[in-house]
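To keep things clear, I will list the structure first and then write my remarks on it.
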Amino acid sequence: MSQNRQRPQNGPSRRAVSGKIDDVLAGIRVPDLPYPAGKLAPEAVSDWRPLLLSCWSEQRDERVTHVIRSVHLEWSARQINSAYVADRIMDVFLKTSGLHPGLARRIARLRFYFAWRMNLEGKKAFSETLLAWLDSLQEWRGWSDSGGRSGKVLLDQLDALVIAVSASFESGSAESLEAFCQQWQEDAAKRNAQAGKLRQRLLETEQGAAKQRKADQVSRALIGRALQGRRVPASIVRFILDYWQGLLKQSVWDSGREGETFRHASKLLEWLVWIGDPALSDKDRNRLYHVGEQIGDRILDVWSRVYSKPLPANALSGIEAVMVSRLRGEVPDLVDALPAAGSFQWDPGWLGFETPPNDEFEGFEGQWFVEGEGSGEQRRYFYAFLPESAEILWTNGAGVKLGLQSWSDFQQAQGKQQIRPLPTLTPFGKVLAETVELLARVCEKQRRQREQAAEAARLRAEELRREKEAAQKRRSELEAAREAELERQRQVVEKQRIADEKAEQERIRKEKTLLAEKQVDGIKLGGWIVAQPDDASEEPARLKLAVRINASRKLVFVDRLGLNRREFIEDELVAGIVEARIRVLGTSAEFDDTLSRVVGRIRVGRN
């Protein structure tokens, strides 16, 4: 199966797996998939290994995303992304791998395994051993589900794959599948070594068979053309079939149609028919005598050129009897030549057989072709063109013959689109690389969109914050202005109040001063006053006016005994009365009444 194998493109697949799968699993978001509303706690995430194992064991062809939708369980975003990536990879593999649909479908069921492993270990799910095995499946590009032994070998191996993957699910590790892939590769190396020997042996065998087939068909065609429509003695028919057909066949095998022996043998065949058919030979009796004399020796001469053993002694007896009869002028018993030969099959096309030019068929050698559609399609390998018979040797690519087809039939089948070249295969590594690369670009685009949305939200929030701060600032400014206005008004009112109070106090002071001046003016000699001492522990001093000096506006007071003289300037005495440090005794009651009336008027005026 390894013939015409494309070289696995491991580089791109490894580069793709190297880091981008993890980014895709973490960042991509696919519409309409059942992502959780928020980040789930580890204990809240459902274990999907039993579900995936069940799907694998049953060999279901469903998508993993369809399976997880069908059950009402909590899946993490990573599980959903792992399911989606596994589905995308295997869906592309089904469309582009070029393998037989039945084989590709069975391999695509590994989507359940890949979803499980990617969720656990990301890019490590695609190990070197696993990828090498998947790429090597191109060796089976020619596999068809024909029920043959070679086809069953692959089916048995795929059944073993089911067991290996199930064991990996149950053990929780990839060791079982890794061991299976390693064993598969070792078996493939042995199988390919064997296939090389089988192919060479088959080619040598079929080349010899083609040469023999050409010799047989050319001899048959030559005899069929010579006997067609002729009536000859039965002995001539028997000689031709029993002896001369084999000689013609051997001469073609030895030297081909261009050989001298074949030309002599062909000419003798025509003479035998000419002699036996009166409708031909009666027209020229002289020639009949001449041919009759030489025919036996000519036959023996050609026979000796081809075979080392002599012609059996009685082989020519029938021909000799016919010749004697014809020379006597008798008409022997005649039979229809071809019916007498029984079911003699011949193809006149071999008489004009020509091998097509090399450039017509060389381009097809080593190519795979497909017949049929879908799961019923059959694949065959154009192993070699057999120029001796202008036939195509079809194999399964591993040295097992599938059949022969004439070049003309092949050209007709191609013209009617009944057979077509197998499209170029895409190795799994390339499928993986291109799919992950595409998803990585989608993921990066989504990341930029999320960043742009986050930046837009941040700018909007910043704008709202600034608007809020500006509104708050405006409110604060308005409140401050209002408070300032209220404070200003309060200060104006307070200032006015203080001014009014000062004015009132000033008026009261003036009233008191006027009353005090009136009292001072009204103090007569001998009038008494009481002066409060500077020391609060002393008793108030009662003093009597002894002298009033008008020129200096000075009043001199003495105590009861005429001692302790004290002098007051009128203004000083007035100030003392106003401040209630001095009280005039003689007119104090009148002063108090007057003061009460003054205060009363002030209060009434203020209200």
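The values are calculated or read from the model by the stated rules, or taken from the named source; none is laboratory data. Fair warning: this is a prediction, and the values are worked out from it, not measured in the lab. FYI the Cβ positions are ideal-geometry reconstructions off the backbone, even for glycines, and counts take in every protein chain you see. These accessible areas exclude ligands, DNA and RNA; they are computed on the full protein's heavy atoms, side chains included. Shrake-Rupley method; radii C 1.70, N 1.55, O 1.52, S 1.80 Å.
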Worksheet item: Of the listed peptides 432-442, 311-321, what is their order by residue-averaged count of other C-beta atoms within 10 Å, with the highest listed first?
Response: 432-442, 311-321
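How much length, in nm to one decimal, is gained on full extension between residue 152 and residue 553, taken as 0.36 nm per residue of separation minus their Cα-Cα distance? Don't jump to the answer; show the numbers that get you there.
On the way: separation 401, 0.36 × 401 = 144.36 nm, distance 15.13 nm.
Contour length minus Cα-Cα distance gives 129.2 nm.
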Discussion item. I'd like to know which of 307, 361, 396 lies farthest towards the positive end of the charge dipole of region 283-396, counting +1 on Cβ of Lys and Arg and -1 on Cβ of Asp and Glu.
Written reply: 307
Worksheet entry | Accessible surface, 1.4 Å probe, highest first, among residues 72, 100, 264 | 72, 264, 100
Worksheet item: Could you give the length gained on full extension between residue 69 and residue 283, defined as 0.36 nm per residue of separation minus the Cα-Cα distance, in nm?
Response: 67.5 nm
Worksheet item: Which of the aspartates and glutamates could be linked to residue 95 by a straight reach, that is with a Cα gap under 19 Å, when you skip same-chain ones fewer than 8 residues away?
Response: 61, 62, 87, 135, 139, 145, 371, 373, 377, 434, 437
Worksheet item: Rounded to the nearest 20 Debye, what is the dipole magnitude of the chain about its Cα centre when Lys and Arg each give +1 and Asp and Glu each give -1 at the C-beta?
Response: 1740 debye
Worksheet entry | From the coordinates shown, Cα Rg over 2.2 N^0.38 Å corresponds to which of (1) 2.62; (2) 0.99; (3) 1.04 | (1)
Fill in: Straight-distance crosslink candidates among lysines, where the alpha carbon sits under 30 Å from residue 211 and sequence neighbours closer than 8 are dropped
197, 249, 267, 309, 401, 416
Discussion item. Could you tell me the calculated FRET efficiency between residue 564 and residue 497, based on Cβ-Cβ distance and R0 = 45 angstrom, to the nearest 0.05?
Written reply: 0.50
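With a 1.4 Å probe and all protein chains kept in place, how do 145, 277 rank by accessible area, largest first? Walk me through the numbers before you get to the answer.
Numbers: 145 90, 277 10 Å².
Of 145, 277, the descending order of accessible area is 145, 277.
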Fill in: ³J(HN,Hα) computed for each position of region 507-515 - Karplus, 6.51 cos²θ - 1.76 cosθ + 1.60, integer Hz, glycine/proline x
5, 5, 4, 4, 4, 4, 4, 4, 5
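Per residue, how much accessible area does region 149-199 show when a 1.4 Å probe rolls over the protein heavy atoms, in square angstrom?
On the way: 2690 Å² over 51 residues.
Per-residue value: 53 Å².
Taking the highest mean first, how do the peptides 503-510, 352-359, 125-132 order by number of other beta carbon atoms within 10 angstrom per residue? Write down the numbers at each step before the final one.
On the way: 503-510: 12.2, 352-359: 10.2, 125-132: 19.0.
Order by mean packing, descending: 125-132, 503-510, 352-359.
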Worksheet item: Can you list the HN-Hα couplings for region 63-72, worked out from phi with the Karplus curve (6.51, -1.76, 1.60; θ = phi - 60°), rounded to whole Hz and with x for Gly and Pro?
Response: 6, 5, 4, 5, 5, 6, 6, 6, 10, 9
Worksheet item: Mind checking which aspartates and glutamates have their C-alpha under 19 Å from residue 512, skipping anything on the same chain fewer than 8 residues away?
Response: 500, 501, 504, 521, 570, 571, 572, 579, 590, 592, 593
Worksheet item: What is the chain's relative contact order, in percent, from Cα pairs under 8 angstrom and six or more apart in sequence?
Response: 16 percent
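Taking only protein heavy atoms and a 1.4 Å probe, what accessible area per residue, in Å², does region 222-322 have with all protein chains in place?
Numbers: 5130 Å² over 101 residues.
Result: 51 Å² per residue.
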Worksheet item: Separation of region 378-408 and region 261-303 by C-alpha centroid, Å?
Response: 41 Å
Response to the item:
For the pair residue 171 and residue 464, the simple spin-label estimate (label points 7 Å beyond Cα toward Cβ) gives in nm 5.6 nm
Discussion item. I'd like to check one number: the per residue accessible area of region 366-494, probe 1.4 Å, reported in Å² as a whole number.
Written reply: 59 Å²
Response to the item:
Along region 544-549, Karplus-curve 3J(HN,Hα) (6.51, -1.76, 1.60; θ = phi - 60°) to the nearest Hz, with x for Gly and Pro, reads 10, 5, 9, 9, 10, 9
Fill in: Inter-label distance, nm, simple model (7 Å from Cα along the C-beta direction), residue 343/residue 513
16.5 nm
Response to the item:
Per the rule of 0.36 nm per residue minus the C-alpha distance, extending residue 212 to residue 530 adds in nm 97.3 nm
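Just the number, please: carbon plus sulfur as a percent of the accessible area of the chain, 1.4 Å probe, no ligands or DNA/RNA counted. Mind dumping the intermediate values first?
On the way: 16640 of 33240 Å².
Accessible surface attributable to carbon and sulfur in the chain totals 50 percent.
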Discussion item. Can you give me the C-alpha center-to-center distance between region 34-105 and region 124-203, rounded to a whole angstrom?
Written reply: 24 Å
Worksheet item: Quick one: which of 393-400, 541-548, 467-474 comes out on top by average Cβ neighbours within 10 Å, and what's the full order, highest first?
Response: 393-400, 541-548, 467-474
